[in-house]
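First comes the structure, then the notes that go with it.
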Amino acid sequence: MLRVGVMASGGGTNLQAILDAIDSGAVTNAGVEVVISNNPGAYALERARNRGIQAVCLSPKTFENREAFHEALLKKVDEYDLDLIVLAGFLVTIPAAMIRKYRNRIINIHPSLIPSFCGVGFYGLKVHEAALKRGVKLTGATVHFVDEGMDSGPIILQRAVEVLPGDTPERLQRRVMEEAEWQILPEAIDRIANDRL
Ligand code: GRF
């Protein structure tokens, strides 16, 4: 049984997709042990509590400096003896020490077809704004391993989504979530849990 920790900063719809996929049997051999957020108001924490899953908040603001926050984050993650860390809309840079220690055990979901619209500054709605501005006809989402770079680790799964006439960044974001993110993130976990990478 793969012990999974999910890190999320916001609404947690990707977390929900993972939990639903575990419930439905679409994901097997995996269980979410803990949800960690940097944001005390993250609805992802509420979703975890509702399911009886440990919900932990570590806010950088409550630490003396970045180093102390990074140390505490790694210590917290270590406590749960995790096989896989899933970054599901986690808006904090992962400490280098954590990347080293959990190499090939941290995955991230990014709302574009990497290498398009990724790297520094491409997060949230900005990704979809950039896609619309460039006029691409296809966008999508990518699940990848996390390495020292920004969105630069090995790609695990991608799914394309059509850009439609009249799309706003918000509409496109929603379609990318529904048609790509919520599908490929659970699928990647299932593949890792069942040695089918
Ligand atoms: C998703 O679009 C994800 O790709 C991005 O942040 C968003 C998180 O949404 N990195 P949610 O918190 O899972 O609802």
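The values are calculated or read from the model by the stated rules, or taken from the named source; none is laboratory data. Owing to the predicted nature of the structure, the values given are computational and were not obtained by experimental measurement. Backbone-built Cβ (ideal geometry, glycine too); neighbour counts: all protein chains shown. Surface accessibility is based on the protein's heavy atoms, side chains included, excluding ligands, DNA and RNA. Shrake-Rupley method; radii C 1.70, N 1.55, O 1.52, S 1.80 Å.
Can you show me the helix-derived [θ] at 222 nm for the chain, built from DSSP H runs with n ≥ 4 at -39,500 (n - 2.57) apiece and divided by the number of residues, rounded to the nearest 500.
Values: 7 runs with 70 residues, N = 197.
So the calculated ellipticity at 222 nm is -10500 deg cm²/dmol.
Relative contact order for the chain using alpha-carbon pairs under 8 Å, separation at least 6, rounded to a whole percent?
Rounded, it is 22 percent for the chain.
If a/c stays under 1.5 just call it rounded; otherwise compare a/b with b/c (prolate if a/b is bigger, oblate if not). Do that for the chain, with a ≥ b ≥ c from the square roots of the Cα gyration tensor eigenvalues.
Here the chain falls in the prolate category.
Let me understand segment 120-197 better: what is its radius of gyration from the alpha carbons, and its Dmax, in angstrom?
For segment 120-197, the Cα-based Rg and Dmax read 13.5, 41 Å.
Taking 37 °C and 0.692 mPa s as the conditions, I'd like the Stokes-Einstein D for segment 102-152 in µm²/s, using the Kirkwood hydrodynamic radius from alpha carbon pairs.
So the translational diffusion coefficient is about 288 µm²/s.
Would you pull out the residues with amide H under 5 Å of Gln54's amide H, same chain only if 5 or more places away, H placed 1.01 Å from N?
Residues meeting the amide H criterion: Val35.
Per-residue HN-Hα couplings for segment 189-197, Karplus 6.51 cos²θ - 1.76 cosθ + 1.60 at θ = phi - 60°, whole Hz, x for Gly and Pro?
The phi angles translate into 5, 4, 5, 5, 5, 10, 6, 10, 6 Hz.
Just reorder Asp190, Asp81 by solvent-accessible area, largest first, 1.4 Å probe, all chains present. Show your work: numbers first, answer last.
Numbers: Asp190 15, Asp81 105 Å².
Largest to smallest exposure gives the sequence Asp81, Asp190.
Would you mind checking which residues have amide H under 5 Å from Gly140's amide H? H placed 1.01 Å from N; only 5 or more apart, or other chain.
Leu113, Val161
Hey, if we sort Met150, Met1, Met177, Met98 by accessible area with the 1.4 Å probe, largest down, what's the order? Present the calculation step by step, with values, prior to reporting the outcome.
Numbers: Met150 110, Met1 160, Met177 40, Met98 0 Å².
Largest accessible area first, the list is Met1, Met150, Met177, Met98.
In whole Å, how far is the Cα centre of segment 2-71 from that of segment 105-163?
21 Å
Could you tell me what percent of the DSSP beta bridges with both partners in the chain are antiparallel, to the nearest 5? Don't jump to the answer; show the numbers that get you there.
Details: 11 of 28 bridges.
DSSP beta bridges in the chain are roughly 40 percent antiparallel.
Please report the orientation-averaged projected area of segment 15-88, defined via the convex hull of its C-alpha atoms, in nm².
5.2 nm²
Counting residues in segment 52-158 as N, plug N into 2.2 N^0.38 Å and put the Cα Rg over that result. Don't skip to the answer; put the middle values down first.
Numbers: Rg = 15.3 Å, N = 107, 2.2 N^0.38 = 13.0 Å.
Against the compact-globule rule of thumb, the ratio is 1.18.
When only Cα pairs under 8 Å and 6 or more residues apart are kept, what is the percent relative contact order across segment 113-187?
Computed over segment 113-187, the figure is 33 percent.
Placing unit charges on C-beta atoms (Lys and Arg positive, Asp and Glu negative, everything else neutral), compute the dipole magnitude of the chain about its Cα centre in debye, rounded to 20.
For the chain, the charge dipole is close to 280 debye.
Would you list, by chain and number, the lysines whose Cα falls below 30 Å from the Cα of Lys75, excluding same-chain residues fewer than 8 positions away?
Qualifying lysines at Cα under 30 Å: Lys61, Lys101.
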